[in-house]
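Asks: Sharing a structure, written as structure tokens. Questions coming.
The values are calculated or read from the model by the stated rules, or taken from the named source; none is laboratory data. What you see is a predicted model; the values in this text were computed from it and never measured. Ideal geometry is used to build each Cβ from the backbone, glycine not excepted, and the neighbour counts take in all protein chains shown. Each accessible area value is taken on the protein alone, full model and side chains, heavy atoms only, with ligands, DNA and RNA left out. Shrake-Rupley method; radii C 1.70, N 1.55, O 1.52, S 1.80 Å.
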Amino acid sequence: MTWRLAALPGLPPLIACLALLGLWEAAARIFAIDGLPPAHEALRQLPAILGDREALLHILDSVRRMAIGCALALAVAVPVGLLMGRSRLVAAFFNPLLMTIYPVPKAALMPIIMLWLGIGDASKTLVIFLGVSLPLIYHSYQGARAVEEKMLWSAAAMGMSPLQRLVRIVLPASLPEIFVGVRTGLVLALITMVTSEMIARQSGVGNILFNSLDMALYDTVYAMIVIIGILGFVLDLGFEKLRARLVAWAEPVHQIAVGTT
Amino acid sequence: MTGRRTSELLVGALPIALLLALWHGIAASGMAPPSLLPAPLAVFSRLVEQLCNPVFLEHAAITLLRLFAGFAIAVVIGVVVGVAATGNRMVEALVKPVVRVLAPVPKIALYPAFILILGFEHASKIALVAADAVFPILLATYQGTSAVEPKLVWSARAAGTPARKVLFTIVLPAALPSVLTGCRIGLVISCIVVFLAEMISSTNGLGHLLVYAARSFHTVDMFVPLIAISLLGLLLNASFNALRARLLVGFPEEW
């Protein structure tokens, strides 16, 4: 029974969503505390939020910052990672630095960066960029390192320049691994986005979420949590589809969805 | 070989030294006032001073308590559910879609809910740490245990080993590398998340110290907790790798 259901893609997650909502509703009714409104009350706020122009603008602001941060990270991190993978010298140059900044909570840099760049878009985009870059560099590095040497030799023998080899062989060959990095990066981008907006409350979803918490609008708090959750799930799903199209030739890489900040 | 290693180490120290020099240069040239960018020496001497300060250490201890409590909960839930999902098709059918939905959700967004339900004290922060760390551990355990060679299990079963003993003597040891990788990722995540949670709402802990310093514009004191938590992350990561090397003699190292 369960396996026939699982054959329909999208159905099991949908059932899981409904089950989670049911659990929430039941818990709210059983415990009956102020801080946990029943699911249906929070969900009733959804159309109100999504219909509100200002709230939509906030959400768009967040998504825009995230997109810019991710795009910048892609542009910088992938070349660096690929070079690290192909050159021992570059790898030796960057590795200790990356290992040192790896455990720094990027969103916690926000108060300091705010001092320099203000509370506007620049500092938030920078924090997102930093958060996304590290896993991207790491995975591009791993991908480029695993490229079959013989292919590079053949390409060199055919007269390809080093740059051509990097773009035409190393990049496509590392693509599956890079996608693992992008997926991790997306999760991180979302976390960093919410946290940075929470610290510098000026606009965005994190701003609505924590302001409504401070104003004790609990229905809105939970509705925003649902919206951010949906945003995360949809991004992940869309990304999986894209990955499946672009690197259909590669075996699905087993990966651990990481959520570092 | 050793010559090559030392030269590689030197090359690696270069960017870090350059960054520190740049930092020192900017601070010393007076381009940035100390209230915006304190000199690196001032920051590090303050860090050393704070590390001998019992009040600071108390904050750090509170952070550590929350970190380890949340991480321990995540390890227990992650490993148990991961093993159960491999061993039982019903559990797998139940767990997989729920994980598929919950794993990509940014857990920090759940923090307001945890505050409202569990209060402003330890419990809400521990819950957030556990929620963030559990998924990498669960996924790694699941991948590790489902990759165990079935023939090993069959042979053991054919030789008359009871199912529980197979779990502890074959499945878990074979999955250990993967489980430990998940735990290491979970540990670094815990370190970061506990700090963020303390920044958002807390009256103690290292994250609170940063926010407190930011409110009173003590820039030097903003850097100190940040460096402290990063050092803590590096330290935990390194000790975990040492533990891993002891437990898994012969397995390749990881970053």
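Conditions tested, residue by residue: (1) assigned to a helix (DSSP H, G or I); (2) in contact with a Phe, Trp or Tyr (Cβ under 9 Å, 6 or more places away or on another chain); (3) at pLDDT 85 or above.
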{"residue": "A:Leu14", "(1), (2), (3)": "yes, no, no"}
{"residue": "A:Leu43", "(1), (2), (3)": "yes, yes, no"}
{"residue": "A:Ile49", "(1), (2), (3)": "yes, no, no"}
{"residue": "A:Ser62", "(1), (2), (3)": "yes, no, yes"}
{"residue": "A:Leu74", "(1), (2), (3)": "yes, no, yes"}
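Asks: Now a separate question. One residue is enough: does the stretch A:14-21 have a residue meeting the conditions crowded, with 20+ Cβ neighbours inside 10 Å, within 30 Å of A:Val132 (Cα to Cα) and touching a helix residue (DSSP H, G or I) at 6+ places or on another chain (Cβ under 6 Å)?
Replies: no
Asks: Name the residues in the stretch A:52-78 that are over 18 Å from the mean Cα position of the chain (by Cα) and open to solvent by less than 60 Å² (accessible area, probe 1.4 Å), would you?
Replies: A:Ala55, A:His58
Asks: Continuing with this model, one more query. Filter the helices (runs of 4 or more DSSP H) completely within the stretch A:129-225 down to those with at least 2 residues that are among the aliphatic types (A, V, I, L, M) and within 15 Å of the chain's Cα centre (by Cα).
Replies: Because the criterion is at least 2 residues that are among the aliphatic types (A, V, I, L, M) and within 15 Å of the chain's Cα centre (by Cα), the helices (runs of 4 or more DSSP H) in the stretch A:129-225 that meet it are A:171-199.
Asks: To continue, here is another question. Every residue in the stretch B:135-151 that is among the aliphatic types (A, V, I, L, M), modelled with pLDDT of 85 or more and open to solvent by 10 Å² or more (accessible area, probe 1.4 Å), please.
Replies: B:Leu138, B:Leu139
Asks: Mind counting the residues in the stretch A:226-248 that are away from chain B (no Cβ under 11 Å), assigned to a helix (DSSP H, G or I) and in contact with a helix residue (DSSP H, G or I) (Cβ under 8 Å, 6 or more places away or on another chain)?
Replies: Qualifying residue count, the stretch A:226-248: 2.
Asks: In the stretch B:31-50, what residues are in a loop (DSSP other than H, G, I, E, B), free of Cβ contacts under 8 Å to residues at least 60 places away in the same chain and open to solvent by less than 70 Å² (accessible area, probe 1.4 Å)?
Replies: B:Ala32, B:Pro33, B:Ala39
Asks: Return the residue satisfying two criteria in turn: it lies in the stretch A:172-183 and is closer than 13 Å to A:Glu240 by Cβ and within 14 Å of another protein chain (Cβ to nearest Cβ), and of such residues it is most open to solvent (accessible area, probe 1.4 Å).
Replies: Only one residue tops the list, namely A:Arg183.
Asks: So A:Met160 ticks every box in (1) modelled with pLDDT of 85 or more; (2) under 25 Å from A:Phe179 (Cβ atoms) but one. Which box is left unticked?
Replies: Tallying (1) modelled with pLDDT of 85 or more; (2) under 25 Å from A:Phe179 (Cβ atoms), A:Met160 fails exactly one: (1).
Asks: State all residues of the stretch B:114-134 that are surrounded by fewer than 24 Cβ atoms within 10 Å (Cβ to Cβ), at the interface with another protein chain (Cβ under 9 Å from one of its Cβ atoms) and assigned to a helix (DSSP H, G or I); if no residue qualifies, say none.
Replies: Once the filter is applied, which keeps residues that are surrounded by fewer than 24 Cβ atoms within 10 Å (Cβ to Cβ), at the interface with another protein chain (Cβ under 9 Å from one of its Cβ atoms) and assigned to a helix (DSSP H, G or I), the stretch B:114-134 yields B:Ile115, B:Leu116, B:Ile117, B:Leu118.
Asks: Taking into account only those residues within the stretch A:100-128 that are part of a loop (DSSP other than H, G, I, E, B) and either within 17 Å of B:Leu187 (Cβ to Cβ) or of a type in the set (A, V, I, L, M) (or both), which is farthest from the other protein chains (Cβ to nearest Cβ)?
Replies: If we take residues in the stretch A:100-128 being part of a loop (DSSP other than H, G, I, E, B) and either within 17 Å of B:Leu187 (Cβ to Cβ) or of a type in the set (A, V, I, L, M) (or both), then A:Ile119 is farthest from the other protein chains (Cβ to nearest Cβ).
Asks: In the stretch B:51-79, what residues are loosely packed, with under 15 Cβ neighbours inside 10 Å and within 28 Å of B:Leu172 (Cα to Cα)?
Replies: Of everything in the stretch B:51-79, just one residue is loosely packed, with under 15 Cβ neighbours inside 10 Å and within 28 Å of B:Leu172 (Cα to Cα), namely B:Val76.
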